[in-house]
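A single structure is presented below for examination.
The values are calculated or read from the model by the stated rules, or taken from the named source; none is laboratory data. On a predicted model such as this, the values are computed, not experimentally measured, just so you know. Methodologically, a virtual Cβ is constructed for each residue, glycine included, from the backbone with ideal geometry; neighbour enumeration extends over all protein chains shown. Side chains are part of the model used for accessible areas, which takes the heavy atoms of the whole protein and leaves out ligands, DNA and RNA. Shrake-Rupley method; radii C 1.70, N 1.55, O 1.52, S 1.80 Å.
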Amino acid sequence: MYRLLLITSSSPEIRRVRRARVLSFQQITMPYLAAFVPGNWEVIHTDEAVTPVDVSMEIDLVGITFHTPSAFHVYDLATQFRKRGIPVVLGGPHVTLMPDEAQQYADVIFVGEAETHWFQFLRDFEKGQHKYRYSSNVPPTLENAPMARKELFHRRDYTAGRLFATRGCIYGCDFCTLAVMYQRKVRKRSVESVAAEYASFTGKVIIFWDDNMANDPEYAKALFRAIEPHRKWWSSQASIQAGEDANFLELAARSGCKQLFIGLESISQSNMNEVHKGFNRVEEYARIIQRIQSHGIAVQAGIVFGFDNDTEAVFSETLDFLEAAGVQNATFNILTPYPGTKLYQRLEAEGRILTRDWSKYNSREDVVFQPRHMSPETLLEGYRYANRRFYSPTSIFRRLSHSSVGLWWTLPLNMAYMLAFWNSQ
Ligand code: B12
């Protein structure tokens, strides 16, 4: 029997950044990869969001998944294991974007998706015949992707289950890493297997970790029909096109959709055009939000500050808009040029990247590039103002009084965010 330690990493900085989030959601990657592991391997999972890593553990192999802001922390962990002679495998978005950097700290790296090679790698490892780099040149089909191993999820979570139906996004926005990671190739699991996994969760609230639930509206509608009988509540990300399709919204709502995270990003059309997200028609935002809400679905707006047309006025103007539109929730981010993206390349060519300290690429506490029309300090202060104002009693009243969607849960949630925000100051 071999022993494999899988680590879902979260650097101390990222844990601090995310502490003001009221709801904690778990990453699916490691419990999902565990489903491919041969039966003669014992799998141990440490999720750093809740448990520190025990670097003295007796194991044969370590696998770590990480995002860019946790990269240096993971390199340090990897070094500690390797000093003990324990081989380390690294994978995840940052490895895919920066393979040569990651390779320096690992025995093996996985570039891109692992479905095709992960099982075979473990078999080769047993024979001492593995390679040092595995790349998914052809995106794997996910038609028959297995269910993640439930016993490997930790318990501190507010959802009963998390799963994915599709992977990838049809769009290629300059600031998004998906276009680089998946080359805009969208893959789908079979509706039947997604519905079976959905039904297998015993609780009520489910998160779909899809990049864009509206990639293929016909597939989504078939899925909504298949999950409706289970009478659970769910949420997911979707592009704004979801709000253009009344039938999509009707079936989503009937199947238990309670909230959609919509990447509005900016209320400036020039910003959207510049970063190749011009399909977001800013003048349509209010109407689309209203339409989504009219189906009883709350809107969580994804907002990014720091685009090239943003001036100091953007913060209060955006908040005015969100309040007038009656948006129930929002996630504010500071524009962050993740390495490998078109945005990174452009800002680098313009000499505007201020640091390559990846721990600062957290989108919440640090500005890592020179904004066009303001100082980094003003951008950071504006971002903080947006959070302060959004979760103030006045704003909560203004926003929620416009719409009665899910008031019984959106009001307590907003209050909880308000308290968490003030406690974190
Ligand atoms: C769900 C999600 C979250 C959830 C849960 C965390 C998570 N990552 O699952 C939450 C909301 C908590 C979250 C938080 C954050 N996220 Co997030 N998230 C996602 C999302 C939408 C889906 C991830 C997912 O479940 N994929 C399904 C699994 C199965 O795929 P996977 O993780 O890519 O793994 C596959 C391969 O990469 C590979 N693999 C991955 N790791 C490993 C390890 C080994 C050893 C091996 C062999 C293989 C391997 O095998 C898997 C199968 O092919 C992605 C978008 C995306 N498509 O990746 C963004 C994404 C990963 N997030 C991103 C970011 C920026 C963040 C935050 C930093 C945001 C913030 N400012 O707080 C935080 C960081 C949290 C942390 N702890 O570090 C970026 C990462 C960019 C980057 N350069 O790192 C992404 C790509 C979004 C984007 N559009 O750019 N996120």
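How much of the DSSP beta bridge set in the chain is antiparallel, as a percent to the nearest 5?
5 percent
With each label point set 7 Å from Cα along the Cα-Cβ vector, what nm distance links His373 and Tyr132?
4.9 nm
Taking the dipole about the Cα centre of the chain, with the C-beta of Lys and Arg at +1 and of Asp and Glu at -1, give me whichever of Leu122, His154, Gly302 is farthest to the positive side.
It is His154, whose Cα lies furthest towards the positive end.
Which peptide among 37-43, 220-226 comes first, and what is the full order, when sorted by highest mean count of other Cβ atoms within 10 Å?
Top to bottom by mean Cβ count within 10 Å: 220-226, 37-43.
In whole Å, what are the extents of the range 287-396 along the principal axes defined by its C-alpha atoms, from largest to smallest?
Projected onto the principal axes, the Cα atoms of the range 287-396 cover 45, 25, 25 Å.
Also: State the Kirkwood hydrodynamic radius of the chain in Å, one decimal place, computed from all pairs of distinct Cα atoms.
Kirkwood hydrodynamic radius for the chain: 22.5 Å.
Give me the percent of DSSP beta bridges within the range 1-126 that run antiparallel, rounded to the nearest 5.
Counting only bridges with both partners in the range 1-126, antiparallel ones make up about 0 percent.
Taking the convex hull of the Cα atoms, report for the range 124-184 its projected area averaged over all directions, in nm².
If you wrap the Cα atoms of the range 124-184 in a convex hull and average its projections, you get 7.4 nm².
By per-residue mean of other Cβ atoms within 10 Å, what is the highest-first order of 306-317, 203-214?
The most tightly packed comes first, giving 203-214, 306-317.
In nm², what is the average projected area of the convex hull enclosing the Cα atoms of the range 66-189?
Projected area, direction-averaged: 9.4 nm².
What is the set of long-range amide H partners of Ala298 at a cut-off below 5 Å, with H atoms built 1.01 Å from backbone N?
For Ala298, the qualifying residues are Gln259, Leu260.
While we're here: Show me, for the range 246-256, the HN-Hα J-couplings you get by feeding each phi into the Karplus relation (A = 6.51, B = -1.76, C = 1.60, θ = phi - 60°), rounded to Hz, glycine and proline as x.
Coupling constants for the range 246-256: 4, 5, 4, 5, 4, 5, 4, 4, 5, 7, x Hz.
Let me ask another. I want the antiparallel fraction of DSSP beta bridges within the range 253-370, as a percent rounded to 5.
Close to 10 percent.
Using the Karplus equation 6.51 cos²θ - 1.76 cosθ + 1.60 (θ = phi - 60°), what ³J(HN,Hα) coupling, rounded to whole Hz, does each residue of the range 201-213 give in order, writing x for Gly and Pro?
Each residue's phi maps through the Karplus curve to give 7, 7, x, 9, 9, 10, 10, 8, 8, 8, 6, 7, 5 Hz.
Per-residue ellipticity at 222 nm for the chain, helices alone: DSSP H runs ≥ 4 residues times -39500 (n - 2.57), over residue total, nearest 500 deg cm²/dmol?
The helix-only estimate for the chain comes to -10500 deg cm²/dmol at 222 nm.
Could you work out how far apart the two model spin labels at Asp216 and Met57 are, taking each label as a point 7 Å from the Cα in the direction of the beta carbon, and quote it in nm?
With each label point 7 Å from Cα toward Cβ, the separation is 3.6 nm.
Placing one identical point scatterer on every Cα of the range 226-346 and ignoring solvent, what is log10 I(q)/I(0) from the Debye formula at q = 0.17, 0.19 Å⁻¹?
-0.86, -1.02
Taking the Cα-to-Cβ direction at Arg398 and at Ala416 and moving 7 Å from each Cα, how far apart do the two end points lie in nm?
2.5 nm
Calculated FRET efficiency, Asn309 and Lys185, Cβ-Cβ r, R0 35 Å, to nearest 0.05?
Computed FRET efficiency for Asn309 and Lys185: 0.70.
Please give the contour-minus-distance gain from Lys150 to Asp174: 0.36 nm per residue of separation, less the Cα-Cα distance, rounded to one decimal in nm.
5.1 nm
In the range 243-313, if every C-alpha pair distance is counted and binned at 10 Å from zero, what percent goes to each bin?
Values per bin, smallest distances first: 20, 46, 25, 9, 0.
Let me ask something additional. Considering amide H positions built from the backbone, and no H for Pro or chain starts, which residues 5 or more places from Asn333, or on another chain, come under 5 Å of its amide H?
Result for Asn333 returns Ile303, Val304, Phe305.
Would you check the chain for Lys pairs whose C-alpha atoms are within less than 15 Å, ignoring same-chain pairs closer than 8 in sequence, and give me the count?
5
Ignoring ligands, DNA and RNA, what percent of the 1.4 Å accessible area of the chain is carbon and sulfur?
Answer for the chain: carbon and sulfur cover 52 percent of the accessible area.
Here's a follow-up. In whole Hz, with x marking every Gly and Pro, tabulate ³J(HN,Hα) for the range 291-301 from phi via Karplus 6.51 cos²θ - 1.76 cosθ + 1.60, θ = phi - 60°.
In residue order, the calculated couplings are 5, 4, 5, 5, 8, x, 9, 6, 10, 9, 8 Hz.
Can I ask one more? For the range 331-425, what is the accessible area per residue in Å² when the probe is 1.4 Å?
Here the per-residue accessible area is 46 Å².
While we're here: Amide H of Leu6 versus every other amide H placed in the peptide plane: which residues, excluding those fewer than 5 positions away on the same chain, fall under 5 Å?
Ile44, His45, Thr46, Gly63
Take the eigenvalues of the Cα gyration tensor for the range 1-122, scale each by 5, and report the square roots as semi-axes in whole Å, largest first.
One finds semi-axes of 21, 16, 15 Å for the range 1-122.
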